[in-house]
1. Out of A:Pro176, A:Pro149, report the one residue that is buried (at least 17 other Cβ atoms within 10 Å of the Cβ) and touching a strand residue (DSSP E or B) at 6+ places or on another chain (Cβ under 6 Å).
2. List the helices (runs of 4 or more DSSP H) that sit entirely inside the range B:236-319 and contain at least 2 residues that are over 30 Å from A:Pro208 (Cβ atoms), more than 16 Å from ligand 3 (Cβ to nearest atom) and of a type outside the set (S, T, N, Q).
3. Restricting to the range B:34-54, count the residues that are within 15 Å of B:Asp95 (Cβ to Cβ) and either away from ligand 2 (no atom under 16 Å from the Cβ) or buried (at least 18 other Cβ atoms within 10 Å of the Cβ) (or both).
4. Are there any pairs, at least 6 apart or on different chains, whose C-beta atoms fall under 7 Å, with the first in the range B:192-205 and open to solvent by 80 Å² or more (accessible area, probe 1.4 Å) and the second assigned to a helix (DSSP H, G or I), and if so, which?
5. Scan the range A:183-205 and tell me whether some residue there is within 14 Å of another protein chain (Cβ to nearest Cβ), crowded, with 16+ Cβ neighbours inside 10 Å and either among the aliphatic types (A, V, I, L, M) or not in a strand (DSSP E or B) (or both).
6. How about the range B:104-125: which of its residues are crowded, with 21+ Cβ neighbours inside 10 Å and within 11 Å of chain A (Cβ to nearest Cβ)?
7. Starting from the range B:316-339, keep only residues that are closer than 14 Å to B:Cys242 by Cβ, then list their pairs with residues that are within 12 Å of ligand 1 (Cβ to nearest atom) and of a type in the set (Gly, Ala, Ser) whose Cβ atoms are within a distance under 6 Å, requiring at least 6 positions of separation or different chains.
8. Just give me the residues in the range A:235-274 being assigned to a helix (DSSP H, G or I), within 21 Å of B:Glu104 (Cα to Cα) and open to solvent by less than 10 Å² (accessible area, probe 1.4 Å), in sequence order.
Amino acid sequence: MSETKNIYKPIRAKLLEVITESPTIKTFVMEPEEAFSFKTGEFIELTVDGIGEAPFTPSSSPLETKQIEVTVMKTGYVTEYLHNMKAGETLGIRGPFGRGYPVERFYDKEVLILGGGCGFAPIRSLLYNLAAISDKLKKVTLCYGAKTPDECIYRPYVDQLRNTPKFEVHRTVDDPDETWTENVGVATVLLDKININIKDSIAVCCGPPIMMKFGTQKLLEMGYPDHDIYLSMEKNMSCGLGKCGHCMMGKYFVCKEGPVFTYDEIKDQPDIWS
Amino acid sequence: MNDVTDMKNYYSLLISDWEKAIAQLLEDYSIYAPIENSDSIDYEFIDTEHIPEIIYNIPKPTTPLKTFFLPVKENLTSQGKLNSKRIIIGTPNCDIQGLGILDEIYLDKDYIDHAYKTKRDKTILISSSCFETQEHCHCMIYGINPYAKTIADISLSRVDQKVHLEVLSDKGEYFIQQLKDKTAISNSPESEIKDIELKQSKIENQIIADNPGLPDYKKTGKIVEKASDEIWKKYSSTCVSCGACATICPTCTCFLLVDKPNFEKVRQLDACQYPGFERVAGGEDALGALPRRFQNRYFCKYVWKPQKFKSLACTGCGRCIEACIGKINKNELFREVAN
Ligand code: SF4
Ligand code: SF4
Ligand code: FES
């Protein structure tokens, strides 16, 4: 019998470091034991041994091949265990899966990125990628919203971005505290403040479903055509391989044909925002 | 195809010789075939004693064929012993065609499922033509004949004291070679092939006659899309989310990976009819409400899968109708909405 690769078997990855980003968000820096690379926006299935598996889009640069990072909000069973893990322990990785951001299609354009909450994780990976090819882009504008200043993650990286030519960062929180000096309100309010040439740009939107819904509506109102709005969809997933059926969104297997779709591709499918 | 090859593809032998050959094949293969139990006809592991009890040319056994390739539970990572070579005898064409969509999913070139592939490679499928029908059979309405021409390796018809074997694949050809080493086997005479074809077309006509006004597979998708919320509420009102309709369905293949220590993964068959199937960690659940969940199975089979796969996602076997404890009959829904 010919040897068929076992698509269900994770490769092992050593946990090098756990970074606390906020009270509920941590970043896990891992070193896979076998060669592993991904394109920005593709996702991995991360296994906590004997406990369970969950899908995450890496938050690290796709150009970095030795280490891989995921940023995880504590939301359920698997992430709870994950949050209790320490450097030196071993995790399992399967993937990369799916279709990421078609970065080549952003060439010579302005890129508007609308992100919310833990949606910053995949966006950071995208930003690393865009920064590396910034000579091919006109401009990158990030509009990011979180609930509280506490949840505004990746602070050092945001500072670094603010000093990067062609990059612009706008942030907002729902619930400000006395230290907060930036915008207040939901992420979409930032879209009224920016200066962008829509004809010459594409938009990327990634965040909690409710933000994606209102974000997309707003982008459409601003004049973005359906096919220029890129959405990173979140669905229940198990296999990541287009087989188990859990991630079905109408005719799509989100794990295989997504998770990144243009609004045009999915607008006629049911329950895209839940 | 010309007549000569047609003739070459049909072989026959006496039932007594067939049974002796099967007994010999038991040395190399595990063999499964339908036999009658207290209250049902279902596949059994065949040993020498069981051989005369095998029932040929009947409609579907209780268990769908998929179970041989996707067991209810299966460890996908531990190096278990390689599956032995198998022969499955007596599968009707509805179930054979149901394998089509499983093949598209599990043998998808992008990600070949090694466990499924090994089982598929090591199994010889001997389908048998249906010479009778059951109450809910409606294969013909969905464009599936009650006899196999594709996917299976052999199509078997037992007529009087003879067994006729039509070769459908290379594996089938190989099977015939093995038989020839064990027993006397000859080409089926033209007249006997005609007799079989006559029996087959009688059954085709009967299934059509038994299902007057039932919308065909080209129409079912439109009907599902058109059905109102009231329809979904009405038909799901007796559904208890037991998942029997999906478990018993030859084309429902959804599963969940369950983790075991040492990074092992166990595949466990799952169904969209169980609550929580699509629930995400954040709590959102698109299929949280019963009518919505119930409706999902129809959209999956008649609207979405047909947009994606060549093979049918419903074979018209009727098992879901028989299995439902809520007495829900999908064909009543189709008839009501069509009118
Ligand atoms: S078999 Fe009937 S009661 Fe059970 S989940 Fe299916 S439709 Fe509902
Ligand atoms: S949906 Fe019902 S009739 Fe169709 S293949 Fe499945 S069990 Fe058979
Ligand atoms: S996660 Fe299994 S099919 Fe997409």
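1. A:Pro149
2. Numbers: elements: B:244-247, B:290-299, B:305-308.
Once the helices (runs of 4 or more DSSP H) in the range B:236-319 are filtered for at least 2 residues that are over 30 Å from A:Pro208 (Cβ atoms), more than 16 Å from ligand 3 (Cβ to nearest atom) and of a type outside the set (S, T, N, Q), what remains is B:244-247.
3. Taking the range B:34-54 first, the residues within 15 Å of B:Asp95 (Cβ to Cβ) are B:34, B:41-43.
Applying the additional criterion that residues be either away from ligand 2 (no atom under 16 Å from the Cβ) or buried (at least 18 other Cβ atoms within 10 Å of the Cβ) (or both) yields B:34, B:41, B:43.
Of the residues in the range B:34-54, 3 are within 15 Å of B:Asp95 (Cβ to Cβ) and either away from ligand 2 (no atom under 16 Å from the Cβ) or buried (at least 18 other Cβ atoms within 10 Å of the Cβ) (or both).
4. none
5. No, the range A:183-205 contains no residue that is within 14 Å of another protein chain (Cβ to nearest Cβ), crowded, with 16+ Cβ neighbours inside 10 Å and either among the aliphatic types (A, V, I, L, M) or not in a strand (DSSP E or B) (or both).
6. Result: B:Ile105, B:Tyr106, B:Asp113, B:Ala115, B:Tyr116.
7. Note: pairs meeting the criteria are B:Ala323/B:Ala244.
8. Correct list: A:Val254, A:Cys255.
The values are calculated or read from the model by the stated rules, or taken from the named source; none is laboratory data. Treat the numbers as computed from the prediction; the structure is a model and nothing was measured. FYI the Cβ positions are ideal-geometry reconstructions off the backbone, even for glycines, and counts take in every protein chain you see. Accessible surface areas use protein heavy atoms only, side chains included; no ligands, DNA or RNA. Shrake-Rupley method; radii C 1.70, N 1.55, O 1.52, S 1.80 Å.
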